[in-house]
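For reference, the structure is listed below as structure tokens.
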Amino acid sequence: MSRCGRTAHLEAVAMGEASPATSAELRAHAKQCVLCRHELNWLESESTMFRQRAGRDEVAQLWKGVAQRSGLETPRAWPRVLVAMAAAAVLVLVVGRVAPRSVSLATDTNRQEEEALESSMLSSPAFLFFQEDEPCSKLPSGVGFQCSPVVPASFLASR
Amino acid sequence: MLRLLQRQPAITPETPDEALVRRAQQNESAAFKALFERHVVAVRRFLRDLLRQGDLADDATQETFARAHAQLVKLTDHDRFKPWVLGIARNVAFEARRVRQHDVLDDEDDGTPTAVIPSPDPERVLLDAELEKHFTEAIGTLSANRRAALLMRLDHGLAYEDIAAAFGWSIPTVKNEIHRARLKLRAHLLPHLTGERP
């Protein structure tokens, strides 16, 4: 189509691949050379058409198909029921970790109180009153026993 | 795994393909998705031009990226994702066409014009709907291989070396094919651009 030796370099000008200096030189040449001018006009027209056409492309929603074929599928959002169940499970775990400690604390406190109470009861004279071995005798009717309470001397002395 | 992800810098529009390819090769799906989003428009347009059917192009685009994902570990030139994925797209399109069996792969008698074709004024070229229709028709008249080579160069800006690698051709063959494709395209477009017959 063209016998000018510089035509082959014009494509780089039209494609924006040539340096500014080379571009300027070749464009200046094309103004004088009919063949190169024709070629440059075509190259630039083609570039313009391809560029305008590319600018109208719409991005299709194709990722889903690629992800399915490649095993890259985006994980689906969890249904609300599953989310609620997971939250409940987490709650149970958290409470489970804290609650036994508080229960054991409460148990310890109760036990201490119980021990203190038991201790005070055991040391109570009234309790001692019933703790003493005492002779019991059968009631005259023959049914049941009658025990005579024995007040310890120490208690009487404290009075 | 979370610690691994946290160490990676965030993916931005400035993240080069090379970095995305390396990260995708380490099974970072977000990096592969970024590559997909960056190139899907070009790949789909390329496939639409090769297959000339939108729905086929959609399916072929998905197949292309699925294959790219499966074969990504083989890509050693990490900065050449685009030519590599367009090469895969070409194979996918040609396989689809073989199934359809109604396209010419190579030109025997290409009817390439030999005379100098008058040129349009690039400043006045406006691709309206009518011209776009003729433009698409003109591209469709090219044989499949020649069309693919032309599109890789003119539409997607690939270097001749990349096209040669994708086709398994020599660089002079690529240049010759693209030159012939151009002449044929121009002959078809000229009446619609200048009102003249070549």
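All of the numbers you see were taken from the coordinates with simple rules; none came from a lab. Here the structure is a predicted model, which means the values were calculated and not measured. In this analysis, Cβ positions are derived from the backbone assuming ideal geometry, glycine residues included, and neighbour counts consider all displayed protein chains.
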Excluding residues fewer than 8 positions from B:Lys184 in its own chain, the lysines with Cα under 26 Å of it are A:Lys31, B:Lys133, B:Lys175
Check the straight Cα-Cα distances from B:Lys82 and name the lysines below 17 Å, setting aside those fewer than 8 residues away within the same chain. B:Lys33, B:Lys74
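Take the Cβ-Cβ distance between A:Ala24 and B:Ala159 as r, set R0 to 35 Å, and report the resulting FRET efficiency rounded to the nearest 0.05.
Numbers: r = 23 Å, r/R0 = 0.65.
Computed FRET efficiency for A:Ala24 and B:Ala159 comes out at 0.95.
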Counting sequence-distant residues (5 or more places) and residues on other chains, those with an amide H built under 5 Å from that of B:Leu158 are B:Arg153
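Would you please give the FRET efficiency between A:Met15 and B:Glu95, computed as 1/(1 + (r/R0)^6) with r the Cβ-Cβ distance and R0 = 25 Å, to the nearest 0.05?
Computed FRET efficiency for A:Met15 and B:Glu95: 0.25.
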